[in-house]
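Everything on this sheet refers to the single structure shown next.
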Amino acid sequence: MTGAWVTRLVVIGLAGILTACASGGGGAPSERQAAASAPPSTASAIESATPPDHTSGSVPAPGDLPVMEEGPISPGTYVVMPPGEGWFECVEGVDCAPPPDHARTMQLEITVPDGWESLEGFDNKAIVPSPGSSEGPDGAGLAIGWYAAGLHTDPCRPVPHSTPDILIGPSAEDFVDAVVAHPLLDVTDPVEVQLGDFSGQFLTLTAPSDISDCVDWRPWEHGIYAQGPNNFWNLWVMDVDGLRFIILAQEFPGTSADDSADLRAMVESIRFVPSP
């Protein structure tokens, strides 16, 4: 249920705890996963609203775009403000490198189609269908901006949160390399992507088909937990002037084609801009 995501997605770290779940995370990716892992295509752009095409260093004039608030979202383009701690929050027990200054000031823009809402209770943004659910077997959701401080050796967690034991460096490449190298994570090969003026890597992670023994299946901190078995996590790991910024669009084999297209279009519409 969406409510469960709201309560338990308030994260204390984005380090992944990889667990020896009953069935493990192995196996060949499904056809849907293979399709999801293809490089994003601009052909899925939202027809009802086109995001502003800002050039590097440009800033939207005050009042140009509304700030995204909690609750149902009217179709259009919005500014997402940085959370109170900025787009960086280390995990208790982890010695993180100092974040770049713009981790606390950078804004982003996103275009949202009809039928989505911003969940309450988050500094970082979580967007889900309205009405609808983030959970399987047909849910969907978009999680924006949680900082990954480290991964868990075992993602099948006996408790919702704990300090990660696989620490990683601060760069986008550090995170991608750690996820790909993890022996219990079922991931596709990363591909280069571009969002606005910034580059990064795209990959898809698939949760195991049986996570019934896990309190949470959570591969990293800060980060969300799997919303059900066979949960696909499409990950855009961006390097925004030295700030690692992670965007996670999650879905299932039963997620509707419309919701899948909306998720991809929302991500492709994102533009990172400095604060005024």
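So here's what we get for this one:
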quantity	calculated
Criterion: assigned to a strand (DSSP E or B) and surrounded by fewer than 23 Cβ atoms within 10 Å (Cβ to Cβ) - qualifying residue of 201, 250	201
Filtered residue count, the stretch 217-229, keeping only those that are surrounded by 22 or more Cβ atoms within 10 Å (Cβ to Cβ) and more than 15 Å from the chain's Cα centre (by Cα)	1
Hits in the stretch 216-245 (condition: under 14 Å from residue 141 (Cα atoms), in a strand (DSSP E or B) and aliphatic (A, V, I, L, M))	235
Odd one out for residue 77 among (1) outside any strand (DSSP E or B); (2) modelled with pLDDT of 90 or more	(1)
Subset of the stretch 120-163 (residues that are crowded, with 21+ Cβ neighbours inside 10 Å and of a type in the set (A, V, I, L, M))	126, 127, 128, 140, 142, 143, 144, 148, 149, 151
The stretch 212-268: number of residues that are at positive phi and charged (D, E, K, R)	1
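The values are calculated or read from the model by the stated rules, or taken from the named source; none is laboratory data. As the structure is a prediction and not an experimental result, all values here were calculated from the model. When we count neighbours, we look across all protein chains shown, and the Cβ atoms used for this are built from the backbone with ideal geometry, even at glycine.
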